[in-house]
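Only the coordinates and a few stated rules stand behind these numbers; no lab work does. Quantities reported herein were computed from a predicted structural model and do not represent experimental measurements. Every residue, glycine as well, gets a Cβ built from its backbone with ideal geometry; the counts of neighbours run over all protein chains shown.
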Amino acid sequence: MTDDVQEKIEKLYDEAQSALDSRYYADAEIIYAQALELLKQEDDSSKVSQCEEDLEKIKKDNALFAPVPAIDNHAHPLFRADLKNNAGLYMAAKHFRLKDDALPNGLEDMLEDMDKANVEKALIMGLDTSKSDHWAFKESMTTNDEVAKLVAQYPDRFIGYGSVDPRREDAVEEVERCINDLNLKGLKFHAAAVSTYANDEKLFYPIYEKCVELGVPIQSHCGTTGMYFTKLKYMMPLCFDDVAVDFPTLKLILLHFGIGGWHNQAMSLAFRHPNVYIDLSGSSPAIIPPEVYLAAGTPFYQDKILFGTDYPFVGMQSWFRTFNKVKRFNWKPETIKRVLRENFLKLHDSQPVSPLDILRNDGLSVPPDAVR
Ligand SMILES: [Zn+2]
């Protein structure tokens, strides 16, 4: 082997090691494969077989966790005791076939699942149903103050969103408090749990207006839900088309991609609205429809799809074990990075661009006072 090749290979091994150290396992696989190609050209059979062995080992290890440090867009800090105290959630856990011994006992279990799954950060939130007249929703799931406390305790691991029952008289004030006082980064809603359509102009629109003013995203469950004592009519992704048209700079994430048959609706919204996204939470990768995962590799959706689990209903390690079993949907390395990590960061770091901004930037004539 020439010194030149030897040097190249050593450089590749160094790069692979630093990829492994920073938990970019998919990159390490690619770099090892490049080294293997070089070695094969050199016809050095002992070095080839050593490299093949190393690559196989990396691939085998990688089957257990995320190929890049992932950010989970939707995880609940909910534990065994919480689920038993809340009938709606308990039914959701039953729906997800969660066995009692698989339920996390507390935060330590959640952090361990994140560590083992190579999930660097998780977006956590509660659910405010304080205005519900149904007995199953009297007890709200994790308060905004509790979420803020967890984020303050683990700022490197958690990002918090607030939750506000839109039927509260002080709903807008609570949104403001979540962002300005509790340092939460957005709002999450569950239209069925609060029996209010997402396009309810009286109850939801003042909240959206405030979120636009504060420049924070919202995320909302859509599609079917295992949470019982709710009505599915509130969960149609199409309800959000009104919201996206009326609030063109509101960043909106449709959680669970409209699971249960409405993914085409959710996708048609993400397709046409510059600030509408979908996430993959609430489903094992084994049953995510091909339309959804194939879209992630296309220019229309490549920035619009986010990874999420809906922990503890779907575990993080189990999500990635299945993801690796289905060959990571045959996504290209850049698609993997975007969906598992970069789209989340970009969504939170960038300024929203509305259709009007696009027209104005391209020099089209738009009335100066037009807002939508
Ligand atoms: Zn959820």
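Normalising the Debye intensity of segment 1-140 to I(0), with uniform scatterers on Cα atoms only, and taking log10 at q = 0.15 Å⁻¹ returns -0.82. Packing, as the average of other Cβ atoms within 10 Å across residues, places the peptides 320-332, 155-167 in the order 155-167, 320-332, highest first. Note on S46 and D3: the model spin-label points, each 7 Å out from Cα along the C-beta direction, lie 2.2 nm apart.
Counting every alpha-carbon pair across segment 71-355, the share separated by more than 36 Å comes to 7%. Remark on Y154: its backbone amide H falls under 5 Å from none of the residues 5 or more positions apart or on other chains, H modelled at 1.01 Å from N. Note that segment 74-82 has calculated 3J(HN,Hα) couplings of 7, 9, 9, x, 10, 10, 3, 5, 4 Hz, one per residue in order, obtained from phi through the Karplus relation 6.51 cos²θ - 1.76 cosθ + 1.60 (θ = phi - 60°); glycine and proline are x. Paramagnetic label reach from E176 (point 7 Å along Cα→Cβ; backbone nitrogen cut-off under 20 Å): within segment 136-155, residues 144-145.
Between K231 and D14, the modelled labels are 6.6 nm apart [label points 7 Å from Cα along Cα→Cβ].
Global size of segment 28-78: 16.1, 55 Å for Rg and Dmax (C-alpha atoms, Rg to one decimal, Dmax whole). A straight Cα-to-Cα reach below 28 Å connects K8 with the lysines K40, K47, K57, K59, K60, K332, K337, residues fewer than 8 places away in its own chain not being considered.
Listed values for segment 55-60 are Karplus-derived 3J(HN,Hα) couplings in whole Hz (6.51 cos²θ - 1.76 cosθ + 1.60, θ = phi - 60°), namely 5, 4, 5, 4, 4, 5, and x replaces Gly and Pro. Note on the chain: dipole from Cβ charges, positive end direction compared against S354, F79, F204; the farthest Cα belongs to F204.
Quick one: dipole size for the chain, taken about the Cα centre, charges +1 on Lys/Arg Cβ and -1 on Asp/Glu Cβ, in debye to the nearest 20. Dipole size: approximately 1360 debye. At an R0 of 30 angstrom, the distance between the Cβ atoms of D362 and Y205 translates into a FRET efficiency of 0.55. Each Cα pair under 8 Å and six or more residues apart adds its sequence gap; the mean of these over the residue count of segment 1-150 is a relative contact order of 21 percent. For a Förster distance of 22 Å, can you work out the FRET efficiency between the beta-carbons of K332 and Q34, rounded to the nearest 0.05? That pair, K332 with Q34, gives E of 0.90. Summed over qualifying helices (DSSP H, 4 residues or more, each -39500 (n - 2.57)) and divided by its residue number, the chain shows a 222 nm mean residue ellipticity of -12500 deg cm²/dmol.
The distance separating the Cα centre of segment 315-372 from that of segment 175-214 comes to 21 Å.
Highest-first packing order for the peptide set 262-274, 203-215 is 262-274, 203-215, based on the mean count of other beta carbon atoms within 10 Å.
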